[in-house]
Amino acid sequence: MAITEVFPNPTVKQVIFQIRYPNLFYIEKHIGDVQLKIMKEFPNSSMALKRQVMITNINPGQTLDKALAEIPGEGTQKIWQFRSDKGVELNILPDSLDLSSTSHKTYSKPNSPTRFRDVIKMVLDAFFSVTKVPLIKRVGLRYVDECPFPAKNNLEFQKYFNSSFPLSRFKLEDCREMMFVTTVKRGEHFVRYVESLGKSGDKDILIMDFDGFAENINADRCLEVADLLHESISNEFEATIKQPVIDMMRGNAS
């Protein structure tokens, strides 16, 4: 059962939603229509250029910049960026759309004033009503959590986490770095889980990176799939942490 409690001190540092779709050659012509539909929530906008990695022949005495300049329209990609006043960023590219938040504490808890699911729905409704995209190549939902623990040794660490680390073989106090990576199937979708040691200032932390995704989804199922991804990620998170982490998130840690 996925966690539904809204914690005052959540370990999540960033949540990202993304869809990927076939390259839309007409997106630039319609981006203004999308902007009008989301402007109330995302009043701050800008446009950036991303340099793409490419291979080109460079003649003797010719610089890379000059070589790229001689290839019209190649080497860069436009990114339309929109920011809310609540710490949410939206990026729209010809082949993808992503939402990133550092402020949301809940995905869909009823009666919560700020739910990440509501933002996803509003953006998808606006985008699909304008672009009419029928098929999504990939739907993704990713959570990055950072959780401190009191001492870098097996005994204390295992009080906080049901870790996937091979601690019976490698003592935590002897490790400079440690990482575990797996991608597992969950129904019609997948969850990629990365667990790694890190630092936040002088504190040791466990970084838990949950990346759920599904491929080849009808556009009208995107939100439904996002809900399924969230449930799987929440279940995996709940299976990783122990009661001291929950107490810490509730603000009850000693």
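The values are calculated or read from the model by the stated rules, or taken from the named source; none is laboratory data. Everything numeric in this text was worked out from a predicted model, so none of it was measured. Cβ: placed from backbone, ideal geometry, glycine included. Neighbour counts: every protein chain shown.
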Please determine whether any residue of region 141-151 is free of Cβ contacts under 8 Å to residues at least 12 places away in the same chain, loosely packed, with under 12 Cβ neighbours inside 10 Å and either over 21 Å from Leu229 (Cα atoms) or not β-branched (Val, Ile, Thr) (or both). no
In region 236-246, what residues are in a helix (DSSP H, G or I) and surrounded by 13 or more Cβ atoms within 10 Å (Cβ to Cβ)? Glu236, Phe237, Glu238, Thr240, Pro244, Val245, Ile246
Which members of region 172-187 meet the condition of being part of a loop (DSSP other than H, G, I, E, B), in contact with a helix residue (DSSP H, G or I) (Cβ under 8 Å, 6 or more places away or on another chain) and modelled with pLDDT under 95? Gly187
Just one of Ile233, Ile205 is out of contact with any helix residue (DSSP H, G or I) (no Cβ under 8 Å at 6 or more places or on another chain), closer than 17 Å to Ala151 by Cβ and crowded, with 16+ Cβ neighbours inside 10 Å; which is it? Ile205
Could you please find all residues in region 208-223 being out of contact with any Phe, Trp or Tyr (no Cβ under 9 Å at 6 or more places or on another chain) and either outside any helix (DSSP H, G or I) or loosely packed, with under 13 Cβ neighbours inside 10 Å (or both)? Asn216, Ile217, Asn218
Can you list the strands (runs of 3 or more DSSP E) lying wholly within region 1-96 that have 3 or more residues being modelled with pLDDT of 60 or more and surrounded by 12 or more Cβ atoms within 10 Å (Cβ to Cβ)? 12-20, 76-83, 88-93
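Which residue out of Ser101, Ser168 is of a type in the set (Gly, Ala, Ser) and surrounded by 17 or more Cβ atoms within 10 Å (Cβ to Cβ)?
Ser101
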Matching residues in region 98-115 - criterion: being among the aromatic types (Phe, Trp, Tyr) and at pLDDT 95 or above: none
